[in-house]
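The values are calculated or read from the model by the stated rules, or taken from the named source; none is laboratory data. Source: prediction; values computed, not measured. A quick note on method: Cβ atoms are made from the backbone with ideal geometry, for glycine too, and the neighbour counts reach across all protein chains shown.
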Amino acid sequence: MKNKEIAFFSAHTVNFREVCMGSIAPNTLYRSSHPIKDNKQEKTISLLVSKVQIKTVINLCDTISGITGKSVIAPWYSSLFRSGRVIALGMDFNCTSVSFNKKLKKTLQFIIHRERSYLIHCHAGVDRTGFVCMVIESFMGASLDDVINDYLKSFNSIFESSIYDAKKADEATVMQILSAMSNSQIINEQNLQHIAETYLRCKLGLSAEEVELLRNKLSGKFNL
């Protein structure tokens with residue numbers, strides 16, 4: 001097996017991949033399953049993280065106390081955590097709840113004020129990570145097909161959704177999840193980016209300045 005094939009297989013088994021669509025700059029945003037669930041998982045993701053030089057981690061599933069204990073098995077993760085480059089949010093699966101919205105706002109503000117490249121993960125890297133990535137992708141001008149396909153791609157990994165059966169996860173499923181951004185408005189190719197930006201401003205409460213900073217950071221206009 002060639003090196004590229006080995007790298008693809010390894011990334012696939014841990015649900016690790018780059019998110020590069022719309023105006024998201026290359027080597028800026030990545031997603032994965034939990035990097036430090038066990039030693040085997042950590043070894044694979046640590047190699048991938050080192051290769052793309054992850055500088056900031058958004059942990060959607062753990063609390064601060066929870067990640068403190070886990071991070072000891074991964075020196076790279078522990079180092080980022082100690083230097084304030086890991087945020088642990090302890091999100092639930094309800095992407096329409098007030099709590100989820102508050103934590104997603106913290107996520108995006110953390111990205112604004114930290115150096116790229118960014119890694120977003122939860123436990124499996126499917127549901128919570130999937131929704132957060134869809135919000136970012138939509139905001140950054142990705143096509144509706146790309147947003148849908150990126151979400152569904154995780155169902156081809158060895159990790160399972162905590163909400164949906166893999167056989168039931170399809171385009172209709174993703175559109176239903178996306179509707180959490182739309183306030184009952186029907187989402188289509190033409191209004192997706194506008195709906196996402198309105199969601200950031202009105203639902204999450206980001207300021208106009210923060211929205212522009214987030215756009216500039218993810219598009220690679222500035223790093224710090």
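Criterion first (buried (at least 20 other Cβ atoms within 10 Å of the Cβ), in contact with a helix residue (DSSP H, G or I) (Cβ under 9 Å, 6 or more places away or on another chain) and assigned to a helix (DSSP H, G or I)) does SER71 satisfy it?
The answer is yes for SER71.
Does any residue in segment 90-111 that is surrounded by fewer than 21 Cβ atoms within 10 Å (Cβ to Cβ) come within less than 8 Å, Cβ to Cβ, of a residue that is part of a helix (DSSP H, G or I) and acidic (Asp, Glu) six or more places away or on a different chain, and which pairs are these?
Here the result reads GLN109/GLU210, each pair linking segment 90-111 to a residue that is part of a helix (DSSP H, G or I) and acidic (Asp, Glu).
Can you name every residue in segment 74-101 that is assigned to a helix (DSSP H, G or I) and hydrophobic (A, V, I, L, M, F, W, C)?
Hits for segment 74-101 are TRP76, LEU80, PHE81, VAL98, PHE100.
State whether the residues of segment 12-20 include one that is under 12 Å from the mean Cα position of the chain (by Cα) and more than 23 Å from ALA142 (Cα to Cα).
no
May I ask you to list the residues in segment 10-47 that are of a type in the set (A, V, I, L, M, F, W, C), in contact with a Pro (Cβ under 9 Å, 6 or more places away or on another chain) and surrounded by 19 or more Cβ atoms within 10 Å (Cβ to Cβ)?
Once the filter is applied, which keeps residues that are of a type in the set (A, V, I, L, M, F, W, C), in contact with a Pro (Cβ under 9 Å, 6 or more places away or on another chain) and surrounded by 19 or more Cβ atoms within 10 Å (Cβ to Cβ), segment 10-47 yields VAL14, PHE16, ILE45.
Name the pairs: first residue in segment 174-187 and farther than 13 Å from ASP127 by Cα, second residue part of a loop (DSSP other than H, G, I, E, B), Cβ to Cβ under 7 Å, at least 6 apart or on different chains?
Filtered contacts from segment 174-187: MET175/ILE187; SER179/ILE187; ALA180/CYS95; ALA180/THR96.
Go through segment 60-102 and give me each residue that's within 13 Å of the chain's Cα centre (by Cα) and closer than 21 Å to MET181 by Cα.
Result: LEU60, CYS61, LEU89, MET91.
Taking segment 45-68 only, how many residues are in contact with a Cys (Cβ under 6 Å, 6 or more places away or on another chain) and either part of a helix (DSSP H, G or I) or more than 22 Å from GLU115 (Cβ to Cβ) (or both)?
1
Check whether at least one residue in segment 57-80 is in contact with an Asp or Glu (Cβ under 7 Å, 6 or more places away or on another chain), at pLDDT below 95 and of a type in the set (Phe, Trp, Tyr), and report yes or no.
The answer is no, given that none of the residues of segment 57-80 is in contact with an Asp or Glu (Cβ under 7 Å, 6 or more places away or on another chain), at pLDDT below 95 and of a type in the set (Phe, Trp, Tyr).
Every residue in segment 173-187 that is surrounded by fewer than 11 Cβ atoms within 10 Å (Cβ to Cβ) and at pLDDT 95 or above, please.
Of everything in segment 173-187, nothing turns out to be surrounded by fewer than 11 Cβ atoms within 10 Å (Cβ to Cβ) and at pLDDT 95 or above.
Could you list, in sequence order, the residues of segment 19-47 that are over 22 Å from SER162 (Cα atoms), modelled with pLDDT of 90 or more and out of contact with any Gly (no Cβ under 9 Å at 6 or more places or on another chain)?
Residues satisfying the conditions are CYS20, LEU29.
When the residues of segment 188-224 are filtered to those that are assigned to a loop (DSSP other than H, G, I, E, B) and touching an Asp or Glu at 6+ places or on another chain (Cβ under 9 Å), which remaining residue is modelled with the highest pLDDT?
Per the criteria, the residue is GLU189.
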